[in-house]
1. From the list D54, D43, D38, pick out the single residue that is at pLDDT below 85, open to solvent by 60 Å² or more (accessible area, probe 1.4 Å), of a type outside the set (K, R) and under 18 Å from the mean Cα position of the chain (by Cα).
2. Taking only the range 2-39 into account, find how many residues are in a helix (DSSP H, G or I) and polar (S, T, N, Q).
Amino acid sequence: NARLKMDGHEDREFRRQLLSYLRKQLTKDAQGVPILSDLKIVDSQNNVLIQLADMVAGTVRRFAEQEKPDASEYRALIAHRIENIWNFG
């Protein structure tokens, strides 16, 4: 019964397709219990939790890509909160 809110900067058609896909994929777990009870795309300008998630994701990405010399400093600020990181590609 999770509630999922996502930052929505993409175009309307992309958002519609994404919501449709996620609703189909995340309807029920192996026991038939609903995974998602609510799924919304929101504007991060109006939601501080979405802003925080975006900042943390950006920090992890910056560290993974090592694109800037201060990447380790930013990651160190959140390191005590990181439980695991999945690396793709």
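1. D43
2. 3
The values are calculated or read from the model by the stated rules, or taken from the named source; none is laboratory data. No experiment lies behind these values; they were computed from the predicted model shown. In case anyone asks, the SASA skips ligands and DNA or RNA and just uses the protein heavy atoms, side chains included. Shrake-Rupley method; radii C 1.70, N 1.55, O 1.52, S 1.80 Å.
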